[in-house]
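What follows is a single structure, written as structure tokens, with notes after it.
The values are calculated or read from the model by the stated rules, or taken from the named source; none is laboratory data. Computed from a predicted structure; not experimentally measured. A quick note on method: Cβ atoms are made from the backbone with ideal geometry, for glycine too, and the neighbour counts reach across all protein chains shown. We work out accessible area using only protein heavy atoms, side chains counted, and drop any ligands, DNA or RNA first. Shrake-Rupley method; radii C 1.70, N 1.55, O 1.52, S 1.80 Å.
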Amino acid sequence: METPVRIGIIICDRYRTCAGGKCLRSLRNREGAFARYRGQDVELIGYTSCAGCPGGNIEYAPEEMKKNGATVIHLATGLVVGYPPCPHLAEFQAFIEEKYGVPVVVGTHPIPQKYFTTHMHLGTWNAPKWQALLEPTLGDEPTRLAYD
């Protein structure tokens, strides 16, 4: 039997009361940033918030996730679609990868259409850095609508 991909998810503290429905649905269906695991077994080993700006839990949660077998950590889609998007996203990704040696994927579930529309009108994601960050969760309009 193949070893499963062991995933930890860190969400934005603004959404700390989120029950994780969209993340878990997209993990189960291998949609959004979880599409990369199609045909693979996965195991969710941790789910927590960043603990609020500037992300105090980013220093500690990945260590626990790694001890529990995390082979990849996902920074949830809420960090990208919240307004404003997380200003620490790139730093979180670089820190976790450097300190813990665990790859970090930006995104979980597909971006809901309502957030996509708002950010496109505001021009939030016009800078070139956003293209790579959005790619795993951008999807197409029918998928985005299904996550509204």
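Per-residue answers, yes or no, for (1) surrounded by 12 or more Cβ atoms within 10 Å (Cβ to Cβ); (2) without any contact (Cβ under 8 Å) to a residue 12 or more places away in the chain; (3) assigned to a loop (DSSP other than H, G, I, E, B):
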site: Ala35; (1), (2), (3): yes, no, no
site: His74; (1), (2), (3): yes, no, no
site: Ala90; (1), (2), (3): yes, no, no
site: Ala94; (1), (2), (3): no, yes, no
site: Glu97; (1), (2), (3): yes, yes, no
site: Tyr115; (1), (2), (3): yes, no, no
**Message:** Given (1) part of a helix (DSSP H, G or I); (2) under 13 Å from the mean Cα position of the chain (by Cα); (3) not β-branched (Val, Ile, Thr), identify the lone condition not met by Arg144.
**Reply:** (2)
**Item:** Residues being under 15 Å from the mean Cα position of the chain (by Cα) and in a helix (DSSP H, G or I) - total across the stretch 18-33
**Value:** 10
**Request:** All but one of (1) touching a strand residue (DSSP E or B) at 6+ places or on another chain (Cβ under 8 Å); (2) more than 22 Å from Ile111 (Cα to Cα) hold for Cys23, so report the exception by its number.
**Result:** (2)
**Prompt:** If you go through the stretch 1-19 one residue at a time, how many are modelled with pLDDT of 95 or more and under 18 Å from Pro110 (Cα atoms)?
**Reply:** 6
**Prompt:** Does any residue of the stretch 22-32 turn out to be out of contact with any helix residue (DSSP H, G or I) (no Cβ under 9 Å at 6 or more places or on another chain), surrounded by 15 or more Cβ atoms within 10 Å (Cβ to Cβ) and touching a residue at least 40 places away in the same chain (Cβ under 8 Å)?
**Reply:** yes
**Prompt:** Out of the stretch 119-137, which residues are open to solvent by 70 Å² or more (accessible area, probe 1.4 Å) and either touching a Phe, Trp or Tyr at 6+ places or on another chain (Cβ under 7 Å) or of a type in the set (Lys, Arg) (or both)?
**Reply:** Lys129
**Message:** Every residue in the stretch 89-128 that is out of contact with any helix residue (DSSP H, G or I) (no Cβ under 7 Å at 6 or more places or on another chain) and either at positive phi or of a type in the set (Ser, Thr, Tyr) (or both), please.
**Reply:** Gly101, Thr117, Thr118, Gly123, Thr124
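Taking the criterion of being in a helix (DSSP H, G or I) and of a type in the set (Lys, Arg), would at least one residue in the stretch 37-55 satisfy it?
Taking every residue of the stretch 37-55 in turn, none turns out to be in a helix (DSSP H, G or I) and of a type in the set (Lys, Arg).
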**Item:** Any pair with Cβ under 6 angstrom, 6 or more apart, that starts in the stretch 47-70 at a residue that is at positive phi and ends at one that is not in a helix (DSSP H, G or I)
**Value:** Gly55/His88; Gly69/Arg6; Gly69/Ile45
**Message:** Name the single residue that is nearest to Asp13 (Cα to Cα) among those in the stretch 59-72 being crowded, with 20+ Cβ neighbours inside 10 Å and hydrophobic (A, V, I, L, M, F, W, C).
**Reply:** Ala61
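Considering Gly123, Gly82, which residue is touching a residue at least 24 places away in the same chain (Cβ under 8 Å) and among the small types (Gly, Ala, Ser)? Can you show your working first?
Details: Gly123 fails: touching a residue at least 24 places away in the same chain (Cβ under 8 Å).
Among Gly123, Gly82, only Gly82 is touching a residue at least 24 places away in the same chain (Cβ under 8 Å) and among the small types (Gly, Ala, Ser).
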